[in-house]
Amino acid sequence: MSFLGMMLRTGLRHRWRSWLALSLLIAVVVGLALAGAQTARRTATALPRFEASHGYDLFAYSVNPIPHPASLPGVTAVVHVRSTGGGAPDCPTCTAQINSNEFSIQGVPPAQLMQLVKLESGRLPDQSDPEQVLASENLASFGVHVGTVIRVPLVSYAQRAAVLSNQNVTPLGPTVTLRVVGMEATEYEFPTNATPAYDLYTTTAYAQKYDAHTLVFNEYVFRLRGGTRASLRFESALRSAGVAGSEDLTAIGSSIQTSIDPQVVGWWILTALAALVGLFVLAQAVARQDAIDSEDFPALRAVGAFQRQLVTFTIVRTVLLALVGVIGAVALATGLSALTPVGEARLVDPDPGFAFDPLLLVGGAAVALAVVVALGIWPAIRTARPLLSSDELVVRPSRIVGAVSRAGAPPTALIGVRNALERGRGRSAVPVSSALIGCVLAVTTLCGAVVFSSSLSHLTATPTLYGQGFDAWFSPNTTGSQAQNEQLLADLDERPGFTAILAGISGAVSIDGTLVDALAGQTVRGPYVMTTTAGVAPTGADQVLLGAKTMHQLGVHIGSTVTVNFPSSSGTANESRRFTVVGSTVLPPDFNPRGGLGTGAIFTIEGFVGNKCAAGSAGRACLVSELASNGGGAFLVRVAPGPKGEAALAAVSRAYPSQVNLPEPPTNLVNFGEAVNFPLILGLVVVLFGIATLLHLLLTSLNRRRRETGLLKSLGMVRRQIGYCVAWQTTTVAAIGIVIGVPLGIAGGRLIWSAFATNLGVTVDPVVTAALLVAVALGTLVVANVLAFVPALIAARARPASLLRSE
């Protein structure tokens, strides 16, 4: 034990810098992996934790208050929200006009306010001040922030009858001045919602001052015993209580979770790749540190030290350094938690800021400690063995070095290539293989990230890949006559600027007992505009396309038969029919609010409604009639490229301004690709690891080959040539990383993107951007030579006498 203590004290006194560097490297590598894993778990559980604190199952609105809403069957909690009728808000400091259609002024009892909303920033309003309000986080897109003043004209109570009869009224009540003191979020206000709300939450003083003289509507949010299973039974009780309408909030929660899910997948991918690259980096660092610490082992053997003692010292030192490193890793992961989660998940998370997941962090730190110690066992045994004599040592020269020599390369190139590829012998040996592997891994991962990023950009820029094979859709006026809807279809069909028109119906159906969103379509003109990722489009009344996730959930494949139950509005109440799965599809986000990309089903209209419309004008009338009887439906159009198509879309949009809809990219892809930007994060992590590996190689190589550098200077090499040797060494390492890493990165990036796209449920179409890969290759060479500048300068300026004296 005295020998072990002496070795530890001596090492700490003479090599504390390298020991500290190794502990810091362990802390960074393990800390980043733990931070990624904690963020993935935190992101995945953000919505369930939000719903536990602020979530509700059903929203209802009524003109008159509901008597005793808490006593309705199955209600476990209810919040009564008083909504004040008002006109268009005026915000002088906003960057855009606030959307008045979804804007409202809400009043919530103070004791229940924090049960409904999550405070994002600022503070709660003073209940004694009628001007202080909380503002929806959605209003930030219009430039609203803490301190913003908004003026709203209120509708007088005397205008109640006109409003209830759907007349357009000019508010005759007072104009209130409201000052934002905090920003909040509720479940139905998140950007993922198809119609996000823009709300202001007022105080008790506001209600006392204005509610008696203004028009106030009654809204309720309910939490039900049994959740969504009880909603259908509960809605019938609501109708008996005189409720004007209701909305299932669980569908909104599902869309939020669908938006967040790609982030969860991205964080786990990032964590796995960071851990993989970090594993190799740590293996190299531990091996190099063992090689440095073993320089004194020959002298220790000469004075009687046993191999067992040397192995024990190396392992104990590794355990101590790893212990310090994983403690720092836990601290780093905890510190980084203040920056996560990101994007919409940060809005959802009810507990933003610093987080400490004891199970993951402590358990992960224990696993990391065991892994680092295991990485150090074999190097410890190898370095403790007696060195081979010069006669016993077998040196295998590199074939690449031989080829460079035969090619007549200058001495600087030959020496640099040899230093990069050959380990050397004795005390001048350098573990070059680990550095080469590290460089290959860095280039591979960086190229994979480029392929992934290019594929993601291609996906978001190509709507057909995520189900939007159309440029606009028109929703018929369900309150008008069938003749008006027929006129809309006729106006669309007569314009040559539309290359494809599809009549569609959307709704929810039950497939093998699972509720999914569905779309039924019939082509009016041109090709079929819905996306078919595999198989063929449905043409018969007994054929269906299913989303990839839905197929996986149901355990079916192309060719399988499923049982479909349709809603009563389709004309097939209580009727189950069998359908054959003829392909997979991606349902457009506009028509799939429940499950998100990769879920849902597409039928023919004949299969959906059980009625076949013939061709010709009679068939058109039949088709429009079926759309009208199933909620109005929609006409999806594909616009011809160029001015002709733009003019046709503009003309119909002017004629039907309230019925035109332009599809939006799915928020989960935008959130994943732009707000979070996982490929960029991964690239930065890999670049950091690669720089650390290459820099460590250069410094170790120059330190252990001081005698060789001194001999070269004694033989006449000038400073410039010594610098060229170092530059050739780093260029060789970078070139090998490029030659091997680029094709591996392309293959790996395509494989990871295919897995990601399949999990997301969109069309798999990986993209390889040659210009970006060339930029990665050139950037690798440039960075390698920039890193070599300082070590080359140190080696060039060193005096031969001091270099040779070290031996």
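Overview of values
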read-out: Whole-Hz couplings from phi, Karplus 6.51/-1.76/1.60, listed for region 357-371; x for Gly and Pro; value: 8, x, 5, 6, 5, 5, x, x, 5, 5, 5, 4, 4, 5, 5
read-out: Those aspartates and glutamates that a straight Cα-Cα span of less than 17 Å connects to K549, excepting residues fewer than 8 apart in one chain; value: D261, D512, D517
read-out: Ordering of 333-339, 371-377, 497-503 by packing [mean C-beta count within 10 Å, highest first]; value: 497-503, 371-377, 333-339
read-out: Accessible-area ranking of E575, E646, largest first, probe 1.4 Å; value: E646, E575
read-out: With all protein chains modelled, accessible area of W19 [1.4 Å, Å²]; value: 20
read-out: Solvent-accessible area of R720 with every protein chain in place, 1.4 Å probe, in Å² to the nearest 10; value: 140
read-out: Whole-Hz ³J(HN,Hα) from phi, Karplus 6.51 cos²θ - 1.76 cosθ + 1.60, for region 245-251, glycine and proline x; value: x, 8, 9, 7, 6, 5, 5
read-out: Net charge dipole size for region 209-311 [Lys, Arg +1 and Asp, Glu -1 on Cβ; Debye, nearest 20]; value: 440
read-out: Alpha-carbon centroids, region 501-539 and region 728-801: separation in whole Å; value: 44
read-out: Within the accessible area of region 72-204 (1.4 Å probe), percent carbon and sulfur; value: 52
read-out: Per residue solvent-accessible surface (Å²) - region 1-133, probe of 1.4 Å; value: 47
read-out: For G122, distant residues with modelled amide H under 5 Å away; value: M183
read-out: Protection-proxy order for peptides 398-411, 534-547, 738-751, each taking the mean of Cβ atoms within 10 Å per residue, highest first; value: 534-547, 738-751, 398-411
read-out: By average C-beta atoms within 10 angstrom, highest first, the peptides 517-523, 275-281; value: 517-523, 275-281
read-out: Derived scalar couplings ³J(HN,Hα) [region 719-731; Karplus, 6.51 cos²θ - 1.76 cosθ + 1.60; whole Hz; x for Gly, Pro]; value: 4, 4, 5, 4, x, 4, 4, 5, 5, 5, 5, 5, 5
read-out: Reachable aspartates and glutamates, given that their alpha-carbon falls under 12 Å from the alpha-carbon of K118 and they are not under 8 places away in the same chain; value: E51, E137, E184, E187, E189, D349, D351
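The values are calculated or read from the model by the stated rules, or taken from the named source; none is laboratory data. What you see is a predicted model, and the numbers here were worked out from it, not measured in a lab. Note: ideal-geometry Cβ built from the backbone for every residue, glycine included; neighbour counts use all protein chains shown. With ligands, DNA and RNA removed, areas are computed over all heavy atoms of the protein, side chains included. Shrake-Rupley method; radii C 1.70, N 1.55, O 1.52, S 1.80 Å.
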